[in-house]
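See structure below.
The values are calculated or read from the model by the stated rules, or taken from the named source; none is laboratory data. Just so it is clear, the model here is predicted, and its values are computed rather than measured. Cβ atoms come from the backbone with ideal geometry, glycine included; neighbour counts cover every protein chain shown.
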Amino acid sequence: MDKKKKLATLGFVLLALVYFLPKGLLTPVNPDEASFDGLNVSAKCGSLNIQTASILENFSCVFTVSSANGTQTVNYTLQGISSGYLCAREGLLLYAYFTSDSQSSMIFLDYNLSEKWRRELPAYPLNYTGEGLILVSNPTFGSSGSSCVYVLNISTGRLSGWFCPDVLGGHVSDVKITGGRIYVTIGEPRRPPLETHALIYMKDGEKVKKAEITSISGEGVGIRLLIDANEKYAVVSYFLANERGDEKNGICVFTAGSLRKIACKEFKEGERPTKVKLTGNIVYVQTTNGVKAYKIFSLW
């Protein structure tokens, strides 16, 4: 009987070790080959001359677009305090937005400067990828509102996808779309006591997975959770800061399809990540103190 109890106890301990211990390693390697090219997809605007001006009196932005020879000029005014434009293969997208209210207005022109579509959305642009324009809507941090991610086909002006994580009062930080999967990082306030948790979500068709990256006590006054992913791994470089001036910086690696946490590496205070790039099983992180590189060793 004692032998059976010992075997059962040993089996339980082994299972606990397998469950709680890291499932892999991040080993530092030479970062000399680091390249962060290709993180954003864009095209040159060709022969177009584009000028923007902000009008603070009525919170609007004026766009003036002219052909190179000056024979054709169009003017548009869009509501927003921030603005931008995107030159894609299909044409030119002009947009203005309010980040705090998660509102944007946009117009799409072909390269003959003919208007193809215009619309408003309850979200603001985050970045542009080969899958489309990614927009996010964020409520006031800590409120009862929900965050959502939208993917806009800029050729048609129609939404090709969206995802709203089951988090109230959270803040979407970054989005990555690859291999039909949508990855979203989000900061979530929890209380009591007040803590800020960094989460990663993955949506693949109807399947949704989530995992915790890290957390910090207090209110998250600074949240940056940058993602990259391939067919095998999803990586997140994180920066969290609270109202007391404490901060956490580092990187975590997950399995791409199930978000099992493989390993994490914490950086020194002040080594804030600004870019992340995954190449095979090597992850490169641009920080405020230089570039770091790690090789991923995983049991999965």
Of all residues in the stretch 96-113, count the ones that are assigned to a loop (DSSP other than H, G, I, E, B), touching a strand residue (DSSP E or B) at 6+ places or on another chain (Cβ under 9 Å) and over 26 Å from THR140 (Cα atoms).
-> 3
Yes or no: ILE216 more than 20 Å from PHE163 (Cα to Cα), in contact with a Leu (Cβ under 9 Å, 6 or more places away or on another chain), aliphatic (A, V, I, L, M) and at pLDDT 95 or above?
-> yes
Residues being closer than 30 Å to GLY218 by Cβ and either of a type in the set (Ser, Thr, Tyr) or at pLDDT 95 or above (or both) - total across the stretch 261-288 = 18
Within the stretch 135-144, track down each residue that is surrounded by fewer than 22 Cβ atoms within 10 Å (Cβ to Cβ) and out of contact with any Leu (no Cβ under 7 Å at 6 or more places or on another chain).
-> SER137, PRO139, THR140, PHE141, GLY142, SER143
Name every residue in the stretch 273-299 that is assigned to a strand (DSSP E or B), closer than 16 Å to ARG224 by Cα and of a type in the set (S, T, N, Q), in order of residue number.
-> THR274, GLN286, THR287
Hits in the stretch 54-68 (condition: over 28 Å from the mean Cα position of the chain (by Cα) and of a type in the set (Gly, Ala, Ser)) | SER66, SER67, ALA68
For the stretch 48-74, enumerate the residues that are without any contact (Cβ under 8 Å) to a residue 24 or more places away in the chain and among the small types (Gly, Ala, Ser).
-> ALA53, SER66, ALA68, GLY70
Reported set for the stretch 258-272 where residues are part of a loop (DSSP other than H, G, I, E, B) and more than 12 Å from VAL235 (Cα to Cα) is SER258, PHE267, LYS268, GLU269, GLY270, GLU271, ARG272
Go through the residues of the stretch 6-26 one by one and say whether even a single one is closer than 27 Å to LYS277 by Cα and modelled with pLDDT of 95 or more.
-> yes
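Residue by residue, here is whether (1) at positive phi; (2) surrounded by fewer than 15 Cβ atoms within 10 Å (Cβ to Cβ); (3) charged (D, E, K, R) holds:
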| position | (1), (2), (3) |
| --- | --- |
| PHE63 | no, no, no |
| SER66 | no, no, no |
| THR71 | no, yes, no |
| SER83 | no, no, no |
| LEU92 | no, no, no |
| SER100 | no, yes, no |
| MET106 | no, no, no |
| LEU113 | yes, no, no |
| TYR124 | no, no, no |
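Which count do you get for residues in the stretch 145-162 that are assigned to a strand (DSSP E or B) and surrounded by 20 or more Cβ atoms within 10 Å (Cβ to Cβ)? Before the answer, list the steps.
Of all residues in the stretch 145-162, those assigned to a strand (DSSP E or B) come to 146, 148-153, 158-162.
Then drop every residue that is not surrounded by 20 or more Cβ atoms within 10 Å (Cβ to Cβ), which leaves 149-150, 152.
Counting residues in the stretch 145-162 that are assigned to a strand (DSSP E or B) and surrounded by 20 or more Cβ atoms within 10 Å (Cβ to Cβ) gives 3.
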